[in-house]
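Student: Quick one: structure below, then a few questions.
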Amino acid sequence: MRAPMMTRLALLALMAAAAFAAGGAAYHRPGQRPAVFIRNSDDGDSASPQQVHTSLVGQDKMRISWITQGSAPPTVEYGKSPGAYQDSVTGNTTSYKYALYNSGEIHEAVIGPLEPNMVYYYRCSSDSTREFSFKTPPAQLPINFAIVGDLGQTGWTKSTLQHIAQSNYDVLLLPGDLSYADFYQPWWDSFGRLVEPLASQRPWMVTQGNHEIEKMPVIHPESFTSYNARWRMPYEDSSSDSNLYYSFDVAGVHIVMLGSYTDFDPSSAQYKWLQADLGKVDRTRTPWIVVLIHAPWYNSNTAHQGEKESVRMKASMEGLLYQARVDVVFAGHVHAYERFTHVYNGVANDCGPVHITIGDGGNREGLAKRYMNPTPSISVFREASFGHGQLQVANATHALWTWHRNDNDEAVEADSIWLTSLSSNPACKS
Ligand SMILES: [Fe+2]
(Lines give C-alpha, C1' and ligand atoms only; values in the text may rest on other atoms or scores of the structure.)
Protein backbone atom coordinates (compact mmCIF):
# COMPACT_ATOMS: atom_id res chain seq x y z
CA MET A 1 0.00 0.00 0.00
CA ARG A 2 2.86 2.32 0.80
CA ALA A 3 4.20 2.58 -2.74
CA PRO A 4 0.83 3.39 -4.38
CA MET A 5 0.09 5.94 -1.62
CA MET A 6 3.46 7.62 -2.23
CA THR A 7 2.78 7.58 -5.95
CA ARG A 8 -0.62 9.22 -5.38
CA LEU A 9 0.86 11.89 -3.14
CA ALA A 10 3.60 12.59 -5.65
CA LEU A 11 1.01 12.77 -8.41
CA LEU A 12 -1.13 15.20 -6.40
CA ALA A 13 1.92 17.37 -5.70
CA LEU A 14 2.81 17.33 -9.39
CA MET A 15 -0.77 18.25 -10.36
CA ALA A 16 -0.78 21.12 -7.87
CA ALA A 17 2.56 22.37 -9.17
CA ALA A 18 1.36 22.10 -12.76
CA ALA A 19 -1.87 23.93 -11.93
CA PHE A 20 0.08 26.71 -10.19
CA ALA A 21 2.45 27.02 -13.14
CA ALA A 22 -0.55 27.20 -15.47
CA GLY A 23 -1.81 30.30 -13.74
CA GLY A 24 -2.37 29.71 -10.05
CA ALA A 25 -5.42 27.51 -10.58
CA ALA A 26 -4.67 25.85 -7.24
CA TYR A 27 -6.12 28.93 -5.58
CA HIS A 28 -9.89 28.76 -5.21
CA ARG A 29 -11.17 32.09 -6.42
CA PRO A 30 -14.14 33.60 -4.65
CA GLY A 31 -16.90 35.11 -6.78
CA GLN A 32 -17.89 38.67 -7.56
CA ARG A 33 -19.03 41.06 -4.86
CA PRO A 34 -21.83 43.60 -5.30
CA ALA A 35 -21.21 47.28 -5.94
CA VAL A 36 -21.11 49.51 -2.86
CA PHE A 37 -22.63 53.00 -3.02
CA ILE A 38 -21.01 55.39 -0.53
CA ARG A 39 -23.50 58.04 0.55
CA ASN A 40 -22.60 61.51 1.69
CA SER A 41 -22.22 61.13 5.46
CA ASP A 42 -22.45 64.85 5.99
CA ASP A 43 -25.75 65.96 7.53
CA GLY A 44 -26.84 68.18 4.75
CA ASP A 45 -24.16 70.85 5.15
CA SER A 46 -23.82 71.85 1.53
CA ALA A 47 -20.50 73.63 2.11
CA SER A 48 -18.77 70.63 3.66
CA PRO A 49 -15.86 69.30 1.56
CA GLN A 50 -16.13 65.76 0.27
CA GLN A 51 -14.36 63.53 -2.26
CA VAL A 52 -10.99 65.06 -1.37
CA HIS A 53 -8.05 63.80 -3.38
CA THR A 54 -4.51 64.94 -4.07
CA SER A 55 -2.14 64.76 -7.04
CA LEU A 56 1.41 65.84 -7.79
CA VAL A 57 2.18 69.08 -9.61
CA GLY A 58 5.83 69.56 -10.56
CA GLN A 59 8.61 68.70 -8.14
CA ASP A 60 7.23 70.30 -4.99
CA LYS A 61 3.54 71.10 -5.30
CA MET A 62 0.28 69.24 -4.82
CA ARG A 63 -3.16 69.81 -6.27
CA ILE A 64 -5.98 69.40 -3.77
CA SER A 65 -9.37 68.61 -5.36
CA TRP A 66 -12.69 68.42 -3.55
CA ILE A 67 -16.41 68.85 -4.08
CA THR A 68 -19.10 70.70 -2.15
CA GLN A 69 -22.80 70.38 -2.85
CA GLY A 70 -23.35 74.11 -2.43
CA SER A 71 -21.31 77.26 -2.70
CA ALA A 72 -17.98 77.31 -0.85
CA PRO A 73 -14.63 79.05 -1.33
CA PRO A 74 -11.91 77.11 -3.26
CA THR A 75 -9.44 77.68 -0.45
CA VAL A 76 -6.90 75.28 1.04
CA GLU A 77 -5.18 76.17 4.30
CA TYR A 78 -2.19 74.03 5.26
CA GLY A 79 0.75 73.64 7.61
CA LYS A 80 3.03 71.09 9.28
CA SER A 81 1.08 70.77 12.53
CA PRO A 82 -2.55 69.82 13.10
CA GLY A 83 -4.76 72.89 13.26
CA ALA A 84 -1.89 75.28 12.52
CA TYR A 85 -2.25 76.52 8.97
CA GLN A 86 0.50 78.96 8.10
CA ASP A 87 -0.28 79.04 4.40
CA SER A 88 -3.40 79.46 2.34
CA VAL A 89 -4.12 79.22 -1.38
CA THR A 90 -7.33 80.10 -3.20
CA GLY A 91 -7.81 78.05 -6.34
CA ASN A 92 -10.79 77.82 -8.66
CA THR A 93 -14.19 76.19 -9.00
CA THR A 94 -15.90 74.44 -11.89
CA SER A 95 -18.92 72.22 -12.41
CA TYR A 96 -20.45 70.20 -15.21
CA LYS A 97 -23.78 68.94 -16.46
CA TYR A 98 -24.45 65.46 -17.72
CA ALA A 99 -27.99 64.93 -19.04
CA LEU A 100 -30.21 65.70 -16.03
CA TYR A 101 -27.32 65.57 -13.56
CA ASN A 102 -25.69 68.73 -12.21
CA SER A 103 -22.40 68.19 -10.45
CA GLY A 104 -21.56 69.82 -7.16
CA GLU A 105 -18.98 72.57 -7.05
CA ILE A 106 -15.65 71.02 -8.04
CA HIS A 107 -12.81 72.92 -6.37
CA GLU A 108 -9.06 72.69 -6.77
CA ALA A 109 -6.06 74.54 -5.42
CA VAL A 110 -2.35 73.95 -6.07
CA ILE A 111 -0.34 74.33 -2.88
CA GLY A 112 3.39 74.62 -2.30
CA PRO A 113 6.34 74.70 -2.49
CA LEU A 114 6.33 71.73 -0.12
CA GLU A 115 9.18 69.85 1.48
CA PRO A 116 9.77 66.24 0.41
CA ASN A 117 8.81 63.33 2.67
CA MET A 118 6.86 65.65 4.91
CA VAL A 119 3.41 65.37 6.47
CA TYR A 120 1.16 68.39 5.94
CA TYR A 121 -2.21 69.04 7.55
CA TYR A 122 -4.88 70.86 5.60
CA ARG A 123 -8.49 71.84 5.39
CA CYS A 124 -10.68 72.75 2.45
CA SER A 125 -13.16 75.61 2.09
CA SER A 126 -12.24 76.69 5.66
CA ASP A 127 -14.32 73.83 7.02
CA SER A 128 -13.10 73.27 10.58
CA THR A 129 -14.92 69.95 11.01
CA ARG A 130 -12.72 68.06 8.54
CA GLU A 131 -8.93 68.18 8.77
CA PHE A 132 -6.92 66.06 6.33
CA SER A 133 -3.25 65.23 6.08
CA PHE A 134 -0.96 63.98 3.33
CA LYS A 135 2.67 62.99 3.02
CA THR A 136 4.72 64.30 0.13
CA PRO A 137 6.87 61.79 -1.77
CA PRO A 138 10.64 61.64 -1.29
CA ALA A 139 12.83 63.81 -3.53
CA GLN A 140 15.28 60.96 -4.11
CA LEU A 141 15.09 57.20 -4.42
CA PRO A 142 13.94 54.95 -2.85
CA ILE A 143 10.21 55.41 -3.55
CA ASN A 144 7.23 53.04 -3.34
CA PHE A 145 4.36 53.02 -5.81
CA ALA A 146 1.01 51.27 -5.39
CA ILE A 147 -0.44 50.31 -8.77
CA VAL A 148 -3.96 49.14 -9.50
CA GLY A 149 -6.33 49.40 -12.45
CA ASP A 150 -10.03 48.84 -13.07
CA LEU A 151 -10.80 49.71 -9.49
CA GLY A 152 -14.56 50.16 -9.47
CA GLN A 153 -16.43 50.21 -6.16
CA THR A 154 -17.38 46.79 -4.87
CA GLY A 155 -16.65 44.74 -1.78
CA TRP A 156 -13.48 43.60 -3.55
CA THR A 157 -12.47 47.21 -4.21
CA LYS A 158 -12.75 47.88 -0.48
CA SER A 159 -10.54 44.89 0.22
CA THR A 160 -7.96 46.08 -2.34
CA LEU A 161 -7.98 49.60 -0.89
CA GLN A 162 -7.43 48.26 2.62
CA HIS A 163 -4.38 46.36 1.43
CA ILE A 164 -3.01 49.39 -0.41
CA ALA A 165 -3.54 51.54 2.68
CA GLN A 166 -1.37 49.12 4.67
CA SER A 167 1.40 49.09 2.06
CA ASN A 168 3.27 52.28 3.01
CA TYR A 169 3.18 53.62 -0.52
CA ASP A 170 4.25 57.12 -1.60
CA VAL A 171 2.28 57.56 -4.85
CA LEU A 172 -0.60 55.58 -6.37
CA LEU A 173 -0.66 54.97 -10.13
CA LEU A 174 -3.93 53.97 -11.80
CA PRO A 175 -3.99 52.78 -15.45
CA GLY A 176 -7.65 53.60 -16.12
CA ASP A 177 -11.21 52.60 -15.33
CA LEU A 178 -11.90 54.32 -12.04
CA SER A 179 -15.51 54.49 -10.91
CA TYR A 180 -17.48 52.32 -13.37
CA ALA A 181 -20.14 55.04 -13.13
CA ASP A 182 -21.03 54.21 -16.75
CA PHE A 183 -23.14 57.32 -17.39
CA TYR A 184 -24.90 57.35 -13.98
CA GLN A 185 -23.05 60.31 -12.46
CA PRO A 186 -23.90 59.78 -8.75
CA TRP A 187 -21.55 56.78 -8.92
CA TRP A 188 -18.71 59.22 -9.59
CA ASP A 189 -19.58 60.97 -6.31
CA SER A 190 -19.72 57.63 -4.54
CA PHE A 191 -16.30 56.70 -5.94
CA GLY A 192 -14.86 60.01 -4.76
CA ARG A 193 -16.08 59.26 -1.23
CA LEU A 194 -14.83 55.66 -1.37
CA VAL A 195 -11.25 56.59 -2.25
CA GLU A 196 -11.05 59.78 -0.17
CA PRO A 197 -9.44 58.14 2.90
CA LEU A 198 -6.49 57.10 0.72
CA ALA A 199 -6.47 59.74 -2.01
CA SER A 200 -6.55 62.61 0.50
CA GLN A 201 -3.39 61.21 2.15
CA ARG A 202 -1.18 60.30 -0.82
CA PRO A 203 -1.07 61.59 -4.40
CA TRP A 204 -3.16 59.55 -6.83
CA MET A 205 -1.94 59.84 -10.41
CA VAL A 206 -4.36 58.41 -12.94
CA THR A 207 -4.99 57.88 -16.61
CA GLN A 208 -8.30 56.98 -18.22
CA GLY A 209 -9.96 53.84 -19.56
CA ASN A 210 -12.99 53.05 -21.67
CA HIS A 211 -15.32 53.47 -18.68
CA GLU A 212 -14.32 57.13 -18.48
CA ILE A 213 -15.47 57.95 -22.05
CA GLU A 214 -19.20 58.28 -21.18
CA LYS A 215 -20.12 59.62 -24.60
CA MET A 216 -23.79 59.27 -25.53
CA PRO A 217 -25.18 60.20 -28.96
CA VAL A 218 -27.36 63.34 -28.86
CA ILE A 219 -27.69 63.30 -25.05
CA HIS A 220 -23.99 63.88 -24.29
CA PRO A 221 -21.74 63.84 -27.37
CA GLU A 222 -18.60 64.95 -25.48
CA SER A 223 -16.12 62.35 -24.16
CA PHE A 224 -14.42 62.22 -20.74
CA THR A 225 -16.50 65.09 -19.27
CA SER A 226 -16.73 63.73 -15.76
CA TYR A 227 -13.19 62.33 -15.71
CA ASN A 228 -11.65 65.60 -16.86
CA ALA A 229 -13.73 67.65 -14.42
CA ARG A 230 -12.99 65.47 -11.40
CA TRP A 231 -9.51 64.04 -12.02
CA ARG A 232 -7.45 66.89 -13.38
CA MET A 233 -3.83 65.88 -13.80
CA PRO A 234 -0.76 68.19 -14.24
CA TYR A 235 -0.60 67.88 -18.03
CA GLU A 236 0.60 71.44 -18.72
CA ASP A 237 3.79 70.78 -16.76
CA SER A 238 4.89 68.23 -19.39
CA SER A 239 3.89 70.46 -22.33
CA SER A 240 0.86 68.28 -23.09
CA ASP A 241 -2.25 69.96 -24.46
CA SER A 242 -4.62 67.39 -22.96
CA ASN A 243 -5.56 65.99 -19.57
CA LEU A 244 -5.68 62.61 -21.32
CA TYR A 245 -1.88 62.19 -21.65
CA TYR A 246 0.96 63.66 -19.63
CA SER A 247 4.16 62.82 -17.78
CA PHE A 248 5.83 63.71 -14.51
CA ASP A 249 9.02 63.01 -12.61
CA VAL A 250 9.10 61.81 -9.05
CA ALA A 251 12.20 60.77 -7.09
CA GLY A 252 14.19 59.51 -10.06
CA VAL A 253 11.32 57.95 -12.01
CA HIS A 254 9.85 59.42 -15.21
CA ILE A 255 6.22 58.35 -15.46
CA VAL A 256 4.27 58.63 -18.70
CA MET A 257 0.48 58.39 -18.71
CA LEU A 258 -1.00 57.64 -22.14
CA GLY A 259 -4.61 57.74 -23.36
CA SER A 260 -5.72 54.51 -25.02
CA TYR A 261 -8.91 56.16 -26.29
CA THR A 262 -7.29 59.28 -27.74
CA ASP A 263 -5.68 59.39 -31.21
CA PHE A 264 -2.35 57.57 -31.13
CA ASP A 265 -1.37 57.26 -34.80
CA PRO A 266 2.01 58.76 -35.85
CA SER A 267 0.26 61.90 -37.12
CA SER A 268 -1.60 62.45 -33.82
CA ALA A 269 -0.92 65.10 -31.19
CA GLN A 270 -0.48 62.37 -28.57
CA TYR A 271 2.18 60.58 -30.63
CA LYS A 272 4.12 63.77 -31.30
CA TRP A 273 3.92 64.74 -27.65
CA LEU A 274 5.15 61.28 -26.56
CA GLN A 275 8.04 61.39 -29.01
CA ALA A 276 9.11 64.81 -27.72
CA ASP A 277 8.58 63.84 -24.08
CA LEU A 278 10.68 60.68 -24.29
CA GLY A 279 13.33 62.60 -26.21
CA LYS A 280 13.77 64.95 -23.25
CA VAL A 281 14.32 62.29 -20.58
CA ASP A 282 17.67 62.54 -18.83
CA ARG A 283 18.49 59.09 -17.48
CA THR A 284 21.04 60.51 -15.07
CA ARG A 285 18.17 62.40 -13.37
CA THR A 286 15.46 59.77 -13.88
CA PRO A 287 17.12 56.39 -14.38
CA TRP A 288 13.70 54.70 -14.58
CA ILE A 289 10.90 55.18 -17.11
CA VAL A 290 7.46 53.74 -16.40
CA VAL A 291 4.51 54.00 -18.82
CA LEU A 292 0.81 53.48 -18.07
CA ILE A 293 -1.85 52.67 -20.66
CA HIS A 294 -5.30 51.19 -20.30
CA ALA A 295 -5.70 48.57 -23.02
CA PRO A 296 -2.74 46.13 -22.80
CA TRP A 297 -0.40 45.66 -25.75
CA TYR A 298 0.52 42.18 -24.50
CA ASN A 299 -2.24 39.94 -23.19
CA SER A 300 -2.79 36.18 -23.21
CA ASN A 301 -6.20 36.33 -21.54
CA THR A 302 -9.09 35.61 -23.93
CA ALA A 303 -10.71 38.90 -22.82
CA HIS A 304 -10.18 42.02 -24.97
CA GLN A 305 -8.20 40.34 -27.74
CA GLY A 306 -7.75 42.23 -31.01
CA GLU A 307 -9.10 45.63 -29.91
CA LYS A 308 -7.68 48.53 -31.88
CA GLU A 309 -6.59 50.35 -28.72
CA SER A 310 -4.28 47.41 -28.09
CA VAL A 311 -3.25 46.35 -31.60
CA ARG A 312 -3.01 49.69 -33.39
CA MET A 313 -1.65 51.67 -30.45
CA LYS A 314 1.07 49.04 -30.01
CA ALA A 315 1.87 49.13 -33.73
CA SER A 316 2.10 52.92 -33.60
CA MET A 317 3.95 53.56 -30.35
CA GLU A 318 5.88 50.46 -29.32
CA GLY A 319 8.97 51.58 -31.27
CA LEU A 320 9.08 54.89 -29.37
CA LEU A 321 8.99 53.09 -26.03
CA TYR A 322 11.61 50.61 -27.13
CA GLN A 323 14.00 53.27 -28.44
CA ALA A 324 13.59 55.20 -25.17
CA ARG A 325 14.36 52.04 -23.18
CA VAL A 326 11.17 52.24 -21.14
CA ASP A 327 11.50 49.85 -18.21
CA VAL A 328 7.93 48.83 -17.44
CA VAL A 329 4.51 49.27 -19.10
CA PHE A 330 1.48 48.86 -16.82
CA ALA A 331 -1.96 48.30 -18.32
CA GLY A 332 -5.46 47.54 -17.06
CA HIS A 333 -8.66 46.68 -18.97
CA VAL A 334 -8.30 42.90 -18.57
CA HIS A 335 -9.60 42.02 -15.11
CA ALA A 336 -6.74 39.79 -14.08
CA TYR A 337 -3.01 39.86 -13.44
CA GLU A 338 -0.36 38.99 -16.00
CA ARG A 339 3.38 39.66 -16.17
CA PHE A 340 5.38 39.34 -19.36
CA THR A 341 9.13 39.22 -19.72
CA HIS A 342 11.11 42.07 -21.36
CA VAL A 343 9.55 42.14 -24.81
CA TYR A 344 9.51 44.04 -28.09
CA ASN A 345 7.62 43.37 -31.29
CA GLY A 346 6.08 40.19 -29.92
CA VAL A 347 9.29 38.45 -28.89
CA ALA A 348 11.51 38.46 -25.81
CA ASN A 349 14.04 41.28 -25.97
CA ASP A 350 16.31 42.22 -23.07
CA CYS A 351 16.09 45.91 -23.98
CA GLY A 352 12.29 46.06 -24.26
CA PRO A 353 9.90 46.93 -21.42
CA VAL A 354 8.38 44.41 -19.04
CA HIS A 355 4.61 44.52 -19.67
CA ILE A 356 2.28 43.99 -16.71
CA THR A 357 -1.52 43.84 -16.73
CA ILE A 358 -2.90 44.95 -13.38
CA GLY A 359 -6.62 45.40 -14.13
CA ASP A 360 -7.62 43.47 -11.03
CA GLY A 361 -8.75 46.20 -8.65
CA GLY A 362 -12.17 44.74 -7.93
CA ASN A 363 -14.79 46.17 -10.28
CA ARG A 364 -18.36 44.89 -10.60
CA GLU A 365 -17.80 43.15 -13.94
CA GLY A 366 -15.80 40.42 -12.20
CA LEU A 367 -12.68 38.55 -13.25
CA ALA A 368 -11.50 37.55 -16.73
CA LYS A 369 -10.84 33.89 -16.03
CA ARG A 370 -10.09 32.34 -19.42
CA TYR A 371 -6.60 32.22 -20.87
CA MET A 372 -5.20 31.30 -24.24
CA ASN A 373 -3.43 27.98 -24.29
CA PRO A 374 -0.68 27.08 -24.48
CA THR A 375 0.78 29.94 -22.46
CA PRO A 376 2.93 32.14 -24.74
CA SER A 377 6.60 31.81 -23.86
CA ILE A 378 6.82 35.56 -23.15
CA SER A 379 4.07 35.35 -20.47
CA VAL A 380 5.79 34.63 -17.17
CA PHE A 381 2.92 34.69 -14.67
CA ARG A 382 -0.84 34.99 -15.12
CA GLU A 383 -3.68 34.64 -12.68
CA ALA A 384 -7.31 35.78 -12.60
CA SER A 385 -7.63 37.11 -9.05
CA PHE A 386 -8.32 40.52 -7.58
CA GLY A 387 -5.35 42.31 -6.05
CA HIS A 388 -2.86 45.15 -6.46
CA GLY A 389 0.82 45.70 -7.25
CA GLN A 390 3.69 47.48 -5.55
CA LEU A 391 6.76 48.84 -7.30
CA GLN A 392 9.51 49.58 -4.81
CA VAL A 393 12.23 51.45 -6.68
CA ALA A 394 15.26 50.91 -4.45
CA ASN A 395 17.92 52.84 -6.38
CA ALA A 396 19.02 53.76 -9.90
CA THR A 397 19.52 50.15 -10.88
CA HIS A 398 17.12 47.93 -8.92
CA ALA A 399 13.37 47.83 -8.25
CA LEU A 400 11.23 45.17 -6.62
CA TRP A 401 7.85 44.43 -8.23
CA THR A 402 5.35 42.43 -6.18
CA TRP A 403 1.78 41.44 -6.92
CA HIS A 404 -0.57 40.96 -3.97
CA ARG A 405 -3.62 38.82 -4.46
CA ASN A 406 -6.77 39.42 -2.36
CA ASP A 407 -6.80 35.95 -0.84
CA ASN A 408 -10.31 36.23 0.51
CA ASP A 409 -9.67 39.46 2.44
CA GLU A 410 -6.00 38.98 3.15
CA ALA A 411 -3.25 40.41 0.92
CA VAL A 412 -0.95 37.58 -0.12
CA GLU A 413 2.19 38.20 -2.16
CA ALA A 414 1.82 35.86 -5.11
CA ASP A 415 4.36 37.11 -7.66
CA SER A 416 7.57 39.08 -7.29
CA ILE A 417 10.61 39.95 -9.37
CA TRP A 418 13.63 42.20 -9.06
CA LEU A 419 13.91 44.46 -12.09
CA THR A 420 17.16 46.01 -13.32
CA SER A 421 16.86 49.41 -15.00
CA LEU A 422 17.59 49.33 -18.72
CA SER A 423 19.60 52.55 -18.35
CA SER A 424 22.09 50.56 -16.27
CA ASN A 425 22.36 47.74 -18.81
CA PRO A 426 25.35 48.40 -21.10
CA ALA A 427 23.86 46.09 -23.75
CA CYS A 428 20.85 48.45 -24.04
CA LYS A 429 22.68 51.72 -24.62
CA SER A 430 20.99 53.24 -27.63
FE1 LIG B 1 -11.41 48.88 -19.46
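Student: How much FRET efficiency would the formula 1/(1 + (r/R0)^6) give for SER239 and ALA99, where r is the Cβ-Cβ distance and R0 is 25 Å, rounded to 0.05? Each step should come with its number before you reach the end.
Tutor: Working: r = 34 Å, r/R0 = 1.38.
So, using R0 = 25 Å, E works out to roughly 0.15.
Student: Which value results for Rg/Rh of region 127-273 when Rg is the Cα radius of gyration and Rh the Kirkwood radius based on the inverse mean 1/r?
Tutor: Numbers: Rg = 16.1 Å, Rh = 16.5 Å.
My calculation of the ratio gives 0.97.
Student: Could you look at region 279-381 and say what percent of its accessible area is carbon and sulfur, using a 1.4 Å probe and all protein chains? List each step's numbers first, then the result.
Tutor: Working: 1860 of 3770 Å².
Its accessible area is 49 percent carbon and sulfur atoms.
Student: Here is a further query. I'd like the accessible area for PHE264, computed on protein heavy atoms only with a 1.4 Å probe and all protein chains in place. Round to 10 Å², please.
Tutor: 10 Å²
Student: Sticking with this one: Starting from the 7 Å offset along Cα-to-Cβ, what nm value, one decimal, do you get for the label separation of PHE183 and VAL119?
Tutor: The two pseudo-label positions are separated by 4.6 nm.
Student: For the pair ASP60 and TRP418, what calculated FRET efficiency results from E = 1/(1 + (r/R0)^6), where r is the Cβ-Cβ distance and R0 = 41 Å, to the nearest 0.05?
Tutor: For R0 = 41 Å, the calculated efficiency reads 0.85.
Student: ASP350 to VAL110: extension gain in nm, 0.36 nm per residue of separation minus the Cα-Cα distance? Show your work: numbers first, answer last.
Tutor: Values: separation 240, 0.36 × 240 = 86.40 nm, distance 4.05 nm.
Full-extension gain reported as 82.3 nm.
Student: In units of 2.2 N^0.38 Å, what is the alpha-carbon radius of gyration of the chain?
Tutor: Working: Rg = 21.9 Å, N = 430, 2.2 N^0.38 = 22.0 Å.
Scaled against compact globular proteins, the figure is 0.99.
Student: Now, a different point. So if we plug the beta-carbon distance of VAL89 and ALA427 into 1/(1 + (r/R0)^6) with R0 = 56 Å, what FRET efficiency do we get, rounded to 0.05?
Tutor: The pair VAL89/ALA427 has a calculated efficiency of 0.70.
Student: Rolling a 1.4 Å sphere over the protein heavy atoms, what is the accessible area per residue of the chain, to the nearest Å²?
Tutor: Values: 17590 Å² over 430 residues.
Normalised by residue count, the accessible surface of the chain is 41 Å².
Student: Apply the Karplus curve 6.51 cos²θ - 1.76 cosθ + 1.60, θ = phi - 60°, to the phi angles in region 115-125 and return the couplings in whole Hz, x for Gly and Pro.
Tutor: 7, x, 6, 10, 8, 10, 9, 8, 9, 10, 6
Student: Now a separate question. Could you check which residue among GLY91, GLY31, GLY112 shows the biggest mean-square fluctuation in a GNM of the chain with a 10 Å Cα cutoff?
Tutor: GLY31
Student: Here's a follow-up. Given the DSSP H assignment, sum -39500 (n - 2.57) over each helix run of at least 4 residues in the chain and divide by its residue total; what's the result at 222 nm in deg cm²/dmol, nearest 500?
Tutor: Numbers: 6 runs with 78 residues, N = 430.
Rounded to the nearest 500, the figure is -5500 deg cm²/dmol.
Student: Next question, about the same structure. Check the chain for me: any Cys whose beta-carbon has no other cysteine beta-carbon within less than 4.7 Å?
Tutor: For the chain, the answer is CYS124, because their Cβ atoms have no other cysteine Cβ under 4.7 Å.
Student: Between SER41, SER167, SER226, where does the largest GNM mean-square fluctuation fall for the chain, given springs only between Cα atoms within less than 10 Å?
Tutor: Evaluated over the chain, the most mobile residue of the options is SER41.
Student: Who wins for biggest fluctuation among PRO221, PRO74, PRO49 in a Gaussian network model of the chain, springs between alpha carbons below 10 Å?
Tutor: PRO221
The values are calculated or read from the model by the stated rules, or taken from the named source; none is laboratory data. Everything quoted here is computed from the prediction, not taken from an experiment. All Cβ positions, even for glycine, are placed from backbone atoms using ideal geometry, and neighbour counts span all protein chains on display. For the accessible areas, the whole protein counts, side chains as well, though only heavy atoms, and no ligand, DNA or RNA atoms are used. Shrake-Rupley method; radii C 1.70, N 1.55, O 1.52, S 1.80 Å.
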